[in-house]
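Notes to accompany the following structure.
The values are calculated or read from the model by the stated rules, or taken from the named source; none is laboratory data. If you're wondering where the values come from, they're calculated on a predicted model, not measured in any experiment. Because the Cβ atoms are built from the backbone with ideal geometry, glycine has one as well, and the counts that use them run over all protein chains shown. Side chains are part of the model used for accessible areas, which takes the heavy atoms of the whole protein and leaves out ligands, DNA and RNA. Shrake-Rupley method; radii C 1.70, N 1.55, O 1.52, S 1.80 Å.
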Amino acid sequence: MALGFSAFHALVLVGDRYIGFTLVTLLIPLSGSFEPLWVAGGQLSLCLLAALFASSVWRLRLGNATWRALHYAAFAAYWLALAHALVLGSEATHPAVGLFYIVTGGTVLWLTNVRILCRDVKRGG
């Protein structure tokens, strides 16, 4: 769902006359003139989501170890998407949206720490 909504979000921007995105500026990070760094964060997040989806389709061919290693990119995809939304999101200052970002960001941060700590416990660290 995240991949579908992200792709839809990007394609809708082609029709936005204020920013003036073209299909090329949506596909090539840092090629547009509107906030290129922050837009690139969203673009890279979408690319990582697509790679994660593809790796799930090819999981049997990749093997569990490779698949698991690739899925650590989900952390980068999330943080890039959150930074993109915080800086460029038109509703980022709305209290409900801010609460959503705090809750989801806090949850991902907490689960990341749990993941790291559980890995160390399993290894005897």
(message) So the check is Cβ under 9 Å with 6+ separation or different chains; which pairs have a first residue in segment 1-28 that's open to solvent by 60 Å² or more (accessible area, probe 1.4 Å) and polar (S, T, N, Q) and a second one that's part of a helix (DSSP H, G or I) and modelled with pLDDT of 85 or more?
(response) 22/14
(request) Run residue 30 past the list (1) at pLDDT 90 or above; (2) part of a helix (DSSP H, G or I) and report the number of the one that doesn't hold. (result) (2)
(message) Return the residues of segment 83-95 that are without any contact (Cβ under 8 Å) to a residue 24 or more places away in the chain, open to solvent by 60 Å² or more (accessible area, probe 1.4 Å), more than 20 Å from residue 110 (Cα to Cα) and not charged (D, E, K, R); say none if nothing qualifies.
(response) 90, 93, 94, 95
(request) With respect to residue 44, determine if the residue is under 17 Å from the mean Cα position of the chain (by Cα), open to solvent by 50 Å² or more (accessible area, probe 1.4 Å) and more than 14 Å from residue 89 (Cα to Cα). (result) yes
(message) Suppose the filter is open to solvent by less than 80 Å² (accessible area, probe 1.4 Å), in contact (Cβ under 8 Å) with a residue 40 or more places away in the chain and within 20 Å of residue 8 (Cβ to Cβ); does residue 80 pass it?
(response) no
